[in-house]
Amino acid sequence: MGHTLQILILGLCLGGVYALMACGLSLVFGVMRIVNLAHPSLIIAGAFISYWCFTLFGIDPILSLPISAAILFVIGLILYKLVFEKEARSAKYSEMTVLLTFAVAMVVDGALGAMFSNTQRVTSPDYATDAFFFGTIFLPKGQLYAGLISIAIIIGLVAFLRYTRLGYAIRATSQNRAAAELLGVNVNFVSLISFGIGVGLAGAAGSLVSFVFSFFPAKHWEWIAILMSLVVLGGMGSVQGTVIGAFLLAVISAFVGAYAGATWSTMTFFVALFVILLVRPQGLFGEKPEHV
Amino acid sequence: MIRTITLCAVAALGLSAGAHAADPIKIGASLPLTGNFSVSGEKHEKGYQLCVDLINEKGGLLGRELDLIISDNRSDIGTALSQYERFINVDDVDLVFGTFSSKLTFPISAVLAKNGMVHPIPAGGALRIYTQGHDNIFYFQQNAAEYIGSSVEGVLKNLVDEGERPSKAALVHADDFFANAIAAGLLGQKVTDPGGGEVADLSPGYLADAGMEVVYTEKWPEEGFSDWLNLANSIKNSGADLVVGLTASAEEAVQLTRALKTVRANPKMLYLSQGTQAEYLEGVGADAAQGTLVHTSWHEAVPFVGQLAGEDFSNQDFQEAFEAKYGNKPDEDSAIPFAVCQGMEQAVIGANSTDNAKMGEWLYARTKEDPARTVLGPFSWNDVGLPVDRPFLIAQWQNGQLKFVYPTDEFEGVSDLVHPKPEW
């Protein structure tokens, strides 16, 4: 029983971090139909900001999270203006953005490597390798804090989407871009802000990731498949679905790792991606695509 | 008239030959500068580049400048293969330097053998690389990875009192060429070729030889593994007092050590296959690193004297030159490629040409008395290209410094073993 509870705790803590890593990806797809393959590379950029804040100025990565988020938000706005805005009305927009974001990922990867070298980094506040012990059960402080902060940020995001005017506009654009435009929503501005928020969330996730996992510029290639599986499971564009998908898969993979072996724990994400695309391509909470 | 034309032709040929003699010696090296092996790949680049620059500063090789062409293979097998093909068939290189990791080295060894190139290997310890029947491959570390366990056994038997020795071992490793190879030796497994056929039967294994009971084994996938706490918790629950972590990269060594610390798994001894790098110390901190054992091919204190540009060039000279060029201390990931470059330079001088067949003959002819001399020590090779009589060094992190603890009879300056490993 204790062993099972321990695995559940580890899965939930990891799920919280995954949820924040993936929900920016989901938001950006929901509003703009951009499959942002550069999202994990931007998470790494956020991780580097927190790493250097910690190393140079001793700023705890949790405290530097707003800095990372703000810097990445601005980078998101610039990226959208430079790369995506011009093609927003193209019929092949989603397909084009896959290639565009792939290119952006490579540029970010190369730029980070040039600026910070390809050496691995990890931020090491004391709590990153500490835990609360309750008998034989432990709660890893690093993952716990990261998970709780992730949940708080996601709740804030959901509240913003649900209770603010801009949030209404973002949700309206997400549900039906043409109808939102007809009703007077400035969909271009909404897309710009949404992309900025999505990338800002990557920055926030990067700060938390910086003390949970070690990272280096090319690490994002390992994360994209995992994050995509979370988003697809929850339903492309559904932030709530992504959060539930993240917790579900993180817990399942923790149990698979404990009982079937570590090799299979990573496989869990890919098997889930494969099965969900076969059985329910719209994901758990996504809308079924309309057939024309 | 005919005489004039003939003289002109001869003169032109002479000029052409003169120009050819001044052409640089081209060297190709495909390295993982990005991707999973980038930490080591970048350091290999520095080691190769430093050596080439030093040779050029001293007038080059056979009177010709060296031109090092380095390409980033992104830690990807297909890219590494095509880059070596390009070096040979498009860039027309005279020599090649090997890449990093057994995973990349195994496939490219066939390409280089097919093209008759000498293949000096900086990091490719899996035994299977050397049993494919390829000529002219030469390994520039101590021995195949399968035999690293003999040094671990040596530490247990020779440096730890019987009553203090651990008795239960947990062995966890990456599902990677190199890590699998070390695990095979420690666990006493059979090594087979991918195409079938047994290469070696390593039973009963070094852990059994040392009287260890293996209570837990696990491996994680090569890429994308993140569930380190779960793994560390399983290790802790196994009750093992010797933890063997065979990681494919320094990054994994950091992740595993941090996870063991977080769950408070407190083995008497922790041995890792990676972790000599400064990045390891930075990632885990001096306290957590204290007492961790790592095998290594190189150590800053070992007084090897190699050769460069026909002159003695010691391990300490190497460190000074490295710090002067790059502003930081080298570790084994730069020292090993530097040694590769030294060995190849000596082969060119020995063969008095860049004819790879002649260079291969010269390298095969090295003996214990007349070895290739490098900052990694003297090298002579057996007929499959593995070094002869070279034990691996075992180092230990002590108070933030990597101390050399085994073998104890080869050099001065050996530190006492810290045992048991302090609790986290």
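Restricting the search to segment A:116-162, which residues are within 10 Å of chain B (Cβ to nearest Cβ), surrounded by fewer than 21 Cβ atoms within 10 Å (Cβ to Cβ) and of a type in the set (Gly, Ala, Ser)? Within segment A:116-162, A:SER117, A:ALA131 meet the criteria. Please tell me if A:ALA262 is over 19 Å from the mean Cα position of the chain (by Cα), without any contact (Cβ under 8 Å) to a residue 12 or more places away in the chain and within 14 Å of another protein chain (Cβ to nearest Cβ). It is true that A:ALA262 is over 19 Å from the mean Cα position of the chain (by Cα), without any contact (Cβ under 8 Å) to a residue 12 or more places away in the chain and within 14 Å of another protein chain (Cβ to nearest Cβ). Among the residues of segment A:92-111, none qualifies, meaning not one is small (Gly, Ala, Ser), within 30 Å of A:LYS141 (Cα to Cα) and more than 14 Å from chain B (Cβ to nearest Cβ). Checked against the criterion of being within 14 Å of chain B (Cβ to nearest Cβ), open to solvent by less than 10 Å² (accessible area, probe 1.4 Å) and without any contact (Cβ under 8 Å) to a residue 12 or more places away in the chain, segment A:216-229 contains not a single residue that satisfies it. Scan segment B:204-215 for residues that are part of a loop (DSSP other than H, G, I, E, B) and open to solvent by less than 70 Å² (accessible area, probe 1.4 Å) and jot them down. B:GLY205, B:ALA210, B:GLY211, B:MET212, listed by residue number. Picking from residues in segment A:139-175 that are more than 30 Å from B:ARG264 (Cβ to Cβ) and among the basic types (Lys, Arg), the one that is modelled with the lowest pLDDT is A:ARG171.
Scan segment B:286-300 for residues that are surrounded by 17 or more Cβ atoms within 10 Å (Cβ to Cβ) and over 18 Å from the mean Cα position of the chain (by Cα) and jot them down. B:ALA288, B:ALA289, B:GLN290, B:GLY291, B:THR292 - these are the residues of segment B:286-300 that are surrounded by 17 or more Cβ atoms within 10 Å (Cβ to Cβ) and over 18 Å from the mean Cα position of the chain (by Cα). Scan segment A:177-192 and give yes if some residue there is within 14 Å of another protein chain (Cβ to nearest Cβ) and in a helix (DSSP H, G or I), otherwise no. No, the conditions are met nowhere in segment A:177-192. Given the criteria touching a His at 6+ places or on another chain (Cβ under 9 Å), of a type in the set (Val, Ile, Thr) and open to solvent by less than 10 Å² (accessible area, probe 1.4 Å), does B:VAL254 qualify? So B:VAL254 does not fit the description; no. Of the helices (runs of 4 or more DSSP H) that lie entirely inside segment B:216-320, those containing 3 or more residues that are under 23 Å from B:GLU42 (Cα atoms) span B:250-263, B:278-284.
Tell me which residues, restricted to segment A:80-115, are under 17 Å from A:PHE216 (Cα atoms) and open to solvent by 50 Å² or more (accessible area, probe 1.4 Å).
A:MET106, A:VAL107, A:ALA114, A:MET115, listed by residue number.
Restricted to segment B:391-400, and to residues there that are more than 12 Å from B:TYR271 (Cβ to Cβ) and in contact with a Ser or Thr (Cβ under 9 Å, 6 or more places away or on another chain), the residue that is most open to solvent (accessible area, probe 1.4 Å) is B:PRO391. Is it the case, given these coordinates, that A:VAL104 is touching a Phe, Trp or Tyr at 6+ places or on another chain (Cβ under 9 Å) and not hydroxyl-bearing (Ser, Thr, Tyr)? In short, no. If only residues of segment B:225-254 that are more than 8 Å from chain A (Cβ to nearest Cβ) and free of Cβ contacts under 8 Å to residues at least 60 places away in the same chain are counted, the one that is nearest to B:VAL294 (Cα to Cα) is B:ALA253.
The values are calculated or read from the model by the stated rules, or taken from the named source; none is laboratory data. Treat the numbers as computed from the prediction; the structure is a model and nothing was measured. Here the Cβ is made from the backbone with ideal geometry for all residues, glycine too, and neighbour counts use every protein chain on show. The area values use the complete protein model at the heavy-atom level, side chains included, leaving out ligands, DNA and RNA. Shrake-Rupley method; radii C 1.70, N 1.55, O 1.52, S 1.80 Å.
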